[in-house]
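A short write-up of the structure that comes next.
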Amino acid sequence: MTPGSEVVLEALDLGHAYAPGRYAVRHLSVELHRGEVLGLLGRNGAGKTTTVRMFTTLLPPTEGTARILGMDIRTGGRALRSRLGVVLQAESLDFVTVERNLTLYGFLWGVPREVAKSRAEEMIELFELEGARHRKPWALSGGERRRFQVARELMHDMEILFLDEPTVGLDAIARRRILEFLKRRSRAGLSMVFTTHILHEADLLCDRVAVMHQGRLRALATPAELKHRYAGAREVSMSFRQPLPATLTAALGRELAGRGGSSPTTEPDPVGAGTSIRFRVEHAEELLPWLTRWVQLQGLELSRLSVEEATLEGAFLGLIGDLPGAPETAPGLPTPGAGT
Amino acid sequence: MTIPPVLRLVVRNFASNLDPLTVLIRFGQPAITIIVLGTMFSTIISSSATGGGSYTSFLVPGMVAFQMITGGVVSGNLFWLDRRWAMTEQIFSGPFRRSEYLGGLVLTTLLFALVGVGVMLLAGLPFIGIPSLSPLAIGTVLLTVALGSVFFAGLLIALGSRLRSANAYFTIQSFLQLFVIFLSTVYYPITSATPKVLAAIFYGNPLTYAADTIRDAFAGTLGGGDLVSLGVLGGLALVAFGAAAWGFRRLDLGPIQ
């Protein structure tokens, strides 16, 4: 299921100040659609957890509004929370075995005993907790605790799931399994807000990504859009079957300079007898048609052409990496909350 | 059938936090006190010093009153552990109100104290037999323990809601227990020979009122003074519960140590 048009979460100018003038989050405007996975990215202290805590009614906003499933987060209370799921960043554990923890949590949420029992089995299998079934939380590894915590939250039904760094401490396989499971659930209509420091995860899971910095929304777009817009210069490397004369290298350098590329560096092709060149350029894909035409016009023959993959990490660094102190809005960036 | 949230929380409190060893120690310690201290002191303390009966018959009502501490400490610790292990945050992000969580703790306290009363009576059974209590006396005993438990639970929950260090919480809690138990009439009566300063401190201690009232209920000598004691306990319970509710409203759910 692709994200629908129904808005399940809508925040407008939302903010929280811990003390007068000391904002953890400010002017946050964002929407979440049914079945959509929204990633919240940002450095430590960017305001991601505060945002999740406001959305889940654990922390009252000091300014702005937010409506979730049609209810105001200030007044929605239990009626609202009963339709949400929350995997906290902090480890939250009860001192009983993993299996009992799961069924007990189901009981707390009012899940019928038989349903809770079968769901617990499903979660134990899905999250590879069979070996930990009869162990108590303190006997679990960090990864097991995290898996358990995600599994426990899935014991009850919900319409929106908030996950605050759910994959911290997990190995690559466990992380992949959880992400794939979450992806399946989102396709089945579960909306999610997902915070992470692992940008590759956001790329895999999120339909849209909100990049926060020092409490403010800096960009809100799909991962592809973000990569396209902010991934910055990427390396293009080409190998020719024949040696490249210096005059051609210089000519290419001039052409690239006019197209925002860096000066090419040349070296003998380590595989063949020709020349390899490398340069960096923004929006490399847009340059490729011109580049292949130029190669043909010069009567050259390519043996290899590769473009460094655009990553969300590159986009994130391009967007946040150079931001100084606490600017109100970084120059040239979309207005926070513009919903780009 | 939908179980009310408060009861679901009570079940969870019992299931998740009360491991058998803790329960054994909580009930076993006062029970052993009755058996060992009662037996040993009965041989050296004259019955005139304890109002006519054996020391054990004096001690059993005291240990019944002691259950208000047991119940209170259980809830205080439960709350502290929930805070420490982020379960308050997890529960508050679920379909529960803070008042329900607080209500769940109080109910857990009461149930725990009630079980404790039963255990103390069982431990005293070989020494004093089945106490013949009138319905009024039974009601008074239960009400006294209930009010006292709410008082101590409220006190410790209020404390636990403000402190951010486990060390500080458990140190203060241990000190409070020691102070409250030994400066009360649980183990010894106030007599004309009791130093006036100590007697004054004893009478500033809610456990003294509880122990004396329960003793009167056991002896069948309930009177106006006991009504005053219940009033004092009720007032203190109200104040402590109010403090706990206040602490809850301002509870910072952030990480603690």
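All of the numbers you see were taken from the coordinates with simple rules; none came from a lab. Predicted, not measured: the structure shown is a model, and the values here were computed from it. Positions of Cβ are backbone-derived with ideal geometry, glycine not excepted, and every protein chain shown enters the neighbour counts.
Separation of region A:177-210 and region A:54-98, taken as the distance between their Cα centroids, equals 19 angstrom.
Listing B:ILE130, A:ILE198 from fewest to most neighbouring C-beta atoms within 10 Å gives B:ILE130, A:ILE198.
The slack between A:ARG278 and A:VAL115, meaning 0.36 nm per residue of separation minus the straight C-alpha distance, is 52.7 nm. Under conditions of 37 °C and 0.692 mPa s, the protein assembly as shown yields 115 µm² s⁻¹ as its translational diffusion coefficient, taking Rh as the Kirkwood radius over Cα pairs in the Stokes-Einstein equation.
Proximity of backbone amide H atoms, modeled 1.01 Å from N, is registered between A:ALA219 and A:VAL211 at under 5 Å, excluding neighbours fewer than 5 places apart on the same chain. Could you compute the FRET efficiency for A:GLU122 and A:VAL271, with r as their C-beta to C-beta distance and R0 at 60 Å, rounded to 0.05? With R0 = 60 Å, the Cβ-Cβ based efficiency is 0.70. Remark: spin-label model distance A:ARG187-B:ARG250 equals 5.2 nm, labels positioned 7 Å along the Cα→Cβ axis. With the simple model of a label 7 Å out from the Cα in the direction of the Cβ, B:ILE3 to B:SER99 spans 2.3 nm. When restricted to Cα atoms, region A:215-313 yields an Rg and a Dmax of 15.5, 54 Å, respectively. Mean residue ellipticity at 222 nm, helices only, chain A: -10000 deg cm²/dmol; runs of at least 4 DSSP H residues each add -39,500 (n - 2.57), and the sum is divided by the number of residues.
Springs between alpha-carbon atoms under 10 Å, Gaussian network over chain B: tell me which of B:GLY139, B:GLY124, B:GLY94 tops the mean-square fluctuations. The residue that fluctuates most here is B:GLY94.
Put in order of Cβ neighbour count within 10 Å, fewest first, the listed residues A:LYS48, A:LYS117, B:LYS196 become B:LYS196, A:LYS117, A:LYS48. Comparing Cα centroids, region B:77-134 and region A:239-307 end up 77 angstrom apart. Taking A:THR195, A:THR265, A:THR65 as the candidate residues, the one with maximal mean-square fluctuation in a Gaussian network model of chain A, Cα springs under 10 Å, is A:THR265. From most to least packed by mean Cβ count within 10 Å, the peptides A:122-134, A:51-63 give A:51-63, A:122-134. Using only side-chain charges placed at the Cβ, +1 for Lys and Arg and -1 for Asp and Glu, the dipole size of the protein assembly as shown relative to its Cα centre rounds to 700 debye.
Considering only B:THR22, B:GLY223, B:ALA86, and ranking their Cα positions along the charge dipole of region B:5-249 that arises from unit charges at the beta-carbon of Lys, Arg, Asp and Glu, the one farthest toward the positive end is B:ALA86.
Note on chain B: helix-only mean residue ellipticity at 222 nm, from DSSP H runs of 4+ residues weighted -39500 (n - 2.57) and normalised by residue number, equals -25000 deg cm²/dmol.
Fewest-first ordering of A:ARG146, B:ARG8 by other beta carbons within 10 Å of each residue's beta carbon gives B:ARG8, A:ARG146. A Cβ-based charge dipole, computed about the Cα centre of region A:199-326 with Lys and Arg at +1 and Asp and Glu at -1, lands at about 320 debye. Across region A:174-185, computed HN-Hα scalar couplings (Karplus, 6.51 cos²θ - 1.76 cosθ + 1.60, θ = phi - 60°) run 4, 4, 4, 4, 5, 4, 5, 4, 5, 4, 4, 5 Hz from first to last residue, x flagging Gly and Pro. How many angstrom lie between the C-alpha centres of region B:146-171 and region B:212-255? When both Cα centres are located, 14 Å separates them. Counting Cβ atoms of other protein chains within 10 Å of each residue's Cβ and taking the mean over peptide A:108-114 gives 3.
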